[in-house]
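Novice: Structure incoming, see below.
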Amino acid sequence: MKSKRNLLEQLKSLPYFSKDSICQLGRPLGLKDTTVDTYISRFLKHKEIFQLKKGLYVSSDFFNKNSGDISYSFYLANIIRTPSYVSSWAALQFYNLTTEAIYGITSVTPKVTRNYKTKTGNFSYQSIQEDLFLDFSLMREKFDFFIASPAKALFDLLYFKTRQFRGVRFKDIKTLVEELRIDIDEMDKKERSRFYAMTKEYLNDE
């Protein structure tokens, strides 16, 4: 039991960990991989760790200490499915461009669309073609994370909302943005210009 406690204490300092990393920490304690499997099941049962996805976890202690920090939630969103970046509503709220209530974190990935409902939050990943997986950067905060620029976050939101701008013409864009209650006038002028430019280029609409 002492080794179990020692293992859990080591996990408490990690922002996330995989099953492999638990096994590596367990070996100096004389724990076999099968024993570690048993411990993982017990940790989950007693809510000492939370599962992010198959084979990926975080200690409840670390999560509870950092759950109020949006940078940690965005960091986890990047980790759960890679490569990806935070976008759409979550990014727009981060930039103070919407006051809509956000109940999960939406990210964009070149991989297939997938959703994860976990005790640490709901994470959705929308698939985008490779040539549109761009215009994001690393935001350095307490926990570093990749996030779309304001222009790309709005582009991604409309891209998925309209099913890849199906039936949409460039002259419709401003109305669509207003209907979503996005405060585009609060967006930096350069970002606003980039949003309209990338939308026009995608629509190939003069």
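What follows is calculated from the coordinates using simple rules that are stated; it is not laboratory data. No experiment lies behind these values; they were computed from the predicted model shown. Counting neighbours? That spans all protein chains shown, and the Cβs are built from the backbone with ideal geometry, glycine included.
Novice: Scan region 23-82 for residues that are aromatic (Phe, Trp, Tyr) and assigned to a helix (DSSP H, G or I) and jot them down. If you could, list the steps in order and put the result at the bottom.
Specialist: Taking region 23-82 first, the residues aromatic (Phe, Trp, Tyr) are 39, 43, 50, 57, 62-63, 72, 74-75.
Correct list: Tyr39, Phe43, Phe62, Phe63, Tyr72, Phe74, Tyr75.
Novice: Of everything in region 174-195, what is closer than 17 Å to Thr98 by Cα, in contact (Cβ under 8 Å) with a residue 12 or more places away in the chain and assigned to a helix (DSSP H, G or I)? Give them in sequence order.
Specialist: Answer for region 174-195, where residues must be closer than 17 Å to Thr98 by Cα, in contact (Cβ under 8 Å) with a residue 12 or more places away in the chain and assigned to a helix (DSSP H, G or I): Leu176, Val177, Ile184, Glu186, Glu191, Arg192, Phe195.
Novice: Inspect all residues belonging to region 154-169 and state whether any of them is under 15 Å from the mean Cα position of the chain (by Cα) and within 18 Å of Ala91 (Cβ to Cβ).
Specialist: Checking region 154-169: at least one residue is under 15 Å from the mean Cα position of the chain (by Cα) and within 18 Å of Ala91 (Cβ to Cβ).
Novice: Of the residues that sit in region 151-173 and are small (Gly, Ala, Ser) and in contact (Cβ under 8 Å) with a residue 24 or more places away in the chain, which one is farthest from Arg114 (Cα to Cα)?
Specialist: Top of the filtered list is Ala151.
Novice: Looking at region 105-118, can you tell me whether even one residue there is surrounded by 13 or more Cβ atoms within 10 Å (Cβ to Cβ) and either of a type in the set (Phe, Trp, Tyr) or farther than 21 Å from Leu52 by Cα (or both)?
Specialist: yes
Novice: Please verify whether Ser88 is surrounded by 22 or more Cβ atoms within 10 Å (Cβ to Cβ), under 21 Å from Phe133 (Cα atoms) and over 8 Å from the mean Cα position of the chain (by Cα), treating the condition exactly as stated.
Specialist: Yes: the conditions hold for Ser88.
Novice: A further question follows. Every residue in region 1-47 that is surrounded by fewer than 17 Cβ atoms within 10 Å (Cβ to Cβ) and under 23 Å from the mean Cα position of the chain (by Cα), please.
Specialist: Selection gives Lys12, Ser13, Leu14, Pro15, Ser18, Lys19, Asp20, Ser21, Leu44, Lys47.
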